[in-house]
Every structure is written in C-alpha cells, then in structure tokens.
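See below for the structure under consideration.
The values are calculated or read from the model by the stated rules, or taken from the named source; none is laboratory data. No experiment lies behind these values; they were computed from the predicted model shown. A quick note on method: Cβ atoms are made from the backbone with ideal geometry, for glycine too, and the neighbour counts reach across all protein chains shown.
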C-alpha cells in the first residue's frame with residue numbers, strides 16, 4: 001500500500017475501518033483541481049474593488065480551506081465582505097470551463113459507491129458554486145449529501161460543517177472517514193471526533209493517514225484495488 005501513518009498505527013486504524021459507512025470529502029484541491037481558479041478569482045475581486053496592495057497568490061493560497069465568506073472578510077474587510085464574495089463567485093463561475101478532477105477522483109467515487117459507501121461533500125465554497133463544480137466535472141452523480149460554506153454559521157476548522165452532514169445522514173463520527181488536502185479539513189475532522197482522517201500531505205497526528213493519491217483511500221478502506 002502507498003498510505004502511511006506517522007506513528008505506524010495502521011493495523012489499529014484498520015480495525016476501525018470495518019465500521020466505516022461513509023466517506024466525507026473536501027472538494028477543492030481534494031476532488032477537483034480548482035484551487036488556482038479560486039486564487040485567481042480572489043485576486044481579480046480585489047483588483048475590481050480597488051484594493052492596494054493586491055494580495056499575493058502565495059498569501060491567498062494560505063486561506064484556501066476557510067469558508068468563502070471568511071476569506072472575503074480577511075481580504076476585503078467585514079463591511080464589504082458579502083459584496084466581495086458575490087464578485088468572486090461570478091468571476092469564479094466564469095472560469096469553470098477550466099475545472100478538472102484530481103487524478104483518481106472519478107474512479108474512487110465510483111468504486112466506493114459500487115461497494116455501498118455513502119459519499120458526502122463538505123466544502124468551504126458557496127452552495128451554488130459547489131453544485132456547479134460537481135456538475136461541470138460529472139462528480140454530482142456520486143454524491144449523497146453536501147454541506148457548503150453558506151449552509152453553516154461557522155466554517156472549517158470548526159466541526160459544525162461535518163457534524164451537520166453527519167446529522168443529515170444519520171451517522172456517528174466513528175462511522176465516517178474524512179478526506180482532505182488542507183489543515184482546515186484535518187482540524188475540522190479531529191475537532192468533531194473523527195477517528196480516521198486521510199490527508200493529501202504530511203501530518204503528525206496519529207489519527208491522520210498521509211496519502212500520496214486518492215486511490216490509496218480505496219486500498220485502505222476495503223483492501224481493494226482500482
């Protein structure tokens with residue numbers, strides 16, 4: 001297998017995997033390669049609003065994973081945050097013809113559905129934007145539930161978005177795993193009490209399994225290959 005946990009506790013986590021009924025995914029950067037589109041949209045928004053200086057791409061990238069409205073507040077201030085978000089969403093939607101899935105995303109979701117797993121999406125993007133992304137990439141047909149940034153009062157890393165989707169699905173935190181690419185995804189999951197988190201990166205928490213690609217999730221959960 002290609003997955004790796006930082007303290008060699010894979011056997012213990014594997015026992016927990018037998019209880020898993022659902023896989024909850026982040027969207028941007030995890031299933032779809034849209035982070036560059038989000039970054040470009042925020043920068044264009046700041047330009048249109050006449051903000052000097054314009055934030056750098058590197059700084060905006062550090063905000064990815066936060067709720068969209070919270071990003072707007074950090075970049076543009078509380079007073080015009082909602083206006084900024086409206087502009088950003090319009091810019092972003094105009095770029096969606098460039099949206100592509102992350103390698104392995106379609107194959108993984110299809111395989112998980114075939115094996116009876118429930119699939120949920122918890123995203124910091126607005127609901128309208130998230131639904132459009134899922135439709136453009138064809139991933140919508142695999143998704144059973146969605147919680148977006150404007151569905152909650154507190155976004156990632158607060159556990160509210162994850163707890164909301166679990167409530168809608170009638171599931172316990174120990175019956176799901178979370179897959180994400182940002183520290184906000186990981187913190188949300190751990191704050192909610194999830195036992196297993198797959199992270200497309202490096203992390204030191206023993207409950208977090210660092211993976212190199214999405215298909216590692218399938219090999220871990222069901223010991224099957226795609």
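Data for the structure
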quantity	calculated
Residue count, segment 59-118 (criterion: part of a loop (DSSP other than H, G, I, E, B) and buried (at least 19 other Cβ atoms within 10 Å of the Cβ))	4
Residue check, residue 30 at pLDDT 95 or above, in a helix (DSSP H, G or I) and buried (at least 18 other Cβ atoms within 10 Å of the Cβ)	no
Among (1) touching a residue at least 40 places away in the same chain (Cβ under 8 Å); (2) touching a strand residue (DSSP E or B) at 6+ places or on another chain (Cβ under 9 Å), the one test that residue 150 misses	(2)
In segment 172-201, the residues that are touching a strand residue (DSSP E or B) at 6+ places or on another chain (Cβ under 7 Å), surrounded by fewer than 23 Cβ atoms within 10 Å (Cβ to Cβ) and part of a helix (DSSP H, G or I)	175, 184, 190
Filtered residue count, segment 120-137, keeping only those that are surrounded by fewer than 19 Cβ atoms within 10 Å (Cβ to Cβ) and farther than 14 Å from residue 34 by Cβ	2
Hits in segment 202-221 - residues which are buried (at least 18 other Cβ atoms within 10 Å of the Cβ) and in a helix (DSSP H, G or I)	215, 216, 217, 218, 220, 221
Residue satisfying condition, being under 30 Å from residue 97 (Cα atoms) and in contact (Cβ under 8 Å) with a residue 40 or more places away in the chain, within set 155, 222	155
Residues of segment 114-126 classified as at pLDDT below 95 and touching a helix residue (DSSP H, G or I) at 6+ places or on another chain (Cβ under 7 Å), total	4
Single condition residue 210 does not satisfy, out of (1) modelled with pLDDT of 95 or more; (2) on the phi < 0 side of the Ramachandran plot	(1)
